[in-house]
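The values are calculated or read from the model by the stated rules, or taken from the named source; none is laboratory data. As the structure is a computational prediction, the values presented were derived from the model and not from experiment. A quick note on method: Cβ atoms are made from the backbone with ideal geometry, for glycine too, and the neighbour counts reach across all protein chains shown. The area values use the complete protein model at the heavy-atom level, side chains included, leaving out ligands, DNA and RNA. Shrake-Rupley method; radii C 1.70, N 1.55, O 1.52, S 1.80 Å.
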Amino acid sequence: MSLKWAKRIEELPPYLFAEIDAKINEMISRGVDVIDLGIGDPDIPTPSNIINALKEAAEVPKNHRYPSYAGMFEFREAVSNWYRERFGVNVDPQSEVVTLIGSKEGIAHTPLAFVDPGDIVLVPDPGYPVYSVATTFAGGLPYSMPLLKMNNFLPDLESIPEYVCRRAKLMFLNYPNNPTSSVTDIDFFKSVVEFANKYDIIVCHDAAYTEVAYDGLNPPSFLQVDGAADIGIEFHSLSKTFNMTGWRIGFAVGNKKAISGLGKIKTNIDSGVFQAVQCAGIEALRHYSVGMAERRMIYQERRDIFCNGLREVGLDYFPPKATFYVWFDTPRGVSSKDFTSRLLSDAGIVVTPGNGFGKYGEGFIRVSITVNTERLKEAVERLKGFKF
Ligand code: PLP
């Protein structure tokens, strides 16, 4: 038998990072001290009150059984209370919240619930790659909304052709944004609700980074806009907020019918989140503000170190108000891939080429400031000595 992959994975775009990965491994095996600013994975441990809640819950036999599909009611209630406190938005824990095995899982399953083959899905470019890959898996057609620097990396909804708007079924948005770090406000979300109502488009707002923000900023929820819950849902993650990337827990909130649609897909594919992890999630959300200011300060200090370094070497960057990413321009005429590759071989620094997030990311580099200040200072020193 000649084993063949299905077209949907056969036709996936080539894995841009494969070449870099091979190079990293080769350099590490030669004993090079590589500084990894590539992956957006917090280096700071999960707060101890959350770990203790997991330990306790892991001892309870009823938590060893299959969890409920939609998630424990107590977890969804904690989500609802957090939403009210943080955003002033009321959501019904019974019908407007679903627990996810990390927000990536929910995002990846969303097109299966709403997109028929041939439907258009509006995706940000550059953007988190899961939006377009999941769309393709569902037989949909991703349509890039360019995020341009001159628009503060917000999509220009007016420039989307009328025929595309009419065929579009769903739109993904993400603010604070990965990879650009751009933030937005309620006025932009209002224009999105208007647009979505006009063309009957479901809006899926990925809010994974609302809690990683600087200089006293508290980025808004899409659901703060009147009428948003009539047309959309919002994804949240405990990963970045509480340094819990390995735990796999997140949630989606919003329109009842959309939440139940996503729930239907999940019921047929997975069996929910380990209840002990949900108990830890309840602890995290109930004591949400414990340590939050300190966590934000850690990233803010790192942001300043790295951005000052970029300024010193004369590289143009987009000043981050949120997320733990810094998005900067490559020197004129240098491609994202060449810059990434040279930075690794000549300075031992791993970064992510902007075109890995879509063609409008070409000419940019994303750095993740998820290493401690010593390492970041060392990276800045190496950058100063790097000739490009
Ligand atoms: N959305 C964005 C924009 C992300 O950057 C990530 C992770 O990097 C996720 C969603 C997924 O997060 P998780 O599945 O850990 O909740």
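Computed from the C-beta positions of Q224 and R311 and an R0 of 30 Å, the FRET efficiency is 0.30 to the nearest 0.05. For the range 180-251, GluC sites (Glu not before Pro) are listed when DSSP marks them as loop and at most 15 other Cβ atoms sit within 10 Å of their Cβ; the list is empty. Note the direction-averaged projected area, equal to a quarter of the hull surface, for the Cα convex hull of the range 213-334, in nm². Result: 11.1 nm². Given 4 °C and 1.567 mPa s, compute D for the range 1-159 with the Stokes-Einstein relation, Rh being the Kirkwood radius over Cα pairs; round to the nearest whole µm²/s. Approximately 63 µm²/s, per Stokes-Einstein. Projected label points at N49 and L217, each 7 Å from Cα along the beta carbon direction, are separated by 2.7 nanometres. Modelled label positions at S95 and E378, each set 7 Å beyond Cα in the direction of Cβ, lie 5.6 nm from each other.
Based on protein heavy atoms only, the chain ends up with 45 Å² per residue of surface accessible to a 1.4 Å probe. In the chain, helices alone account for a calculated mean residue ellipticity at 222 nm of -12500 deg cm²/dmol, with every DSSP H run of four or more residues adding -39,500 (n - 2.57).
Taking Cβ atoms as reference points and 13 Å as the exclusive limit, the residues near L262 contribute a net charge of 0, counting Lys and Arg as +1 and Asp and Glu as -1. Between K23 and N151, the FRET efficiency estimated from the beta carbon spacing at R0 = 35 angstrom works out to 0.55.
Within the range 49-78, the GluC sites (Glu not before Pro) that combine a DSSP coil assignment with at most 16 other C-beta atoms in a 10 angstrom radius are E59. Alpha-carbon geometry of the range 15-58: the Rg and the Dmax are 17.0, 44 Å, given in that order. Provide the percentage of antiparallel DSSP beta bridges, counting only those with both residues in the range 50-286; round to the nearest 5. For the range 50-286, the DSSP antiparallel bridge percentage is about 35. For A138, neighbours were defined as the other residues whose beta-carbon sits under 12 Å from its Cβ, and their charges (Lys and Arg +1, Asp and Glu -1) total 0.
Once the C-beta distance of N197 and D41 is scaled by a Förster radius of 30 Å, the resulting FRET efficiency is 0.20 to the nearest 0.05.
Each label point was placed 7 Å from the Cα along the Cα-to-Cβ direction; for I269 and K387 their separation is 5.1 nm.
Summarise the accessible area of the range 50-286 (1.4 Å probe, protein heavy atoms) by the percent that is carbon and sulfur. Roughly 51 percent, rounded to a whole number.
The trypsin sites (Lys or Arg not before Pro) of the range 1-88 that meet both conditions, a loop assignment by DSSP and at most 12 other Cβ atoms within 10 Å of the site Cβ, are K4, R30, R65.
Along each principal axis, taking the top coordinate minus the bottom one, the Cα set of the chain gives 57, 57, 54 Å in descending order.
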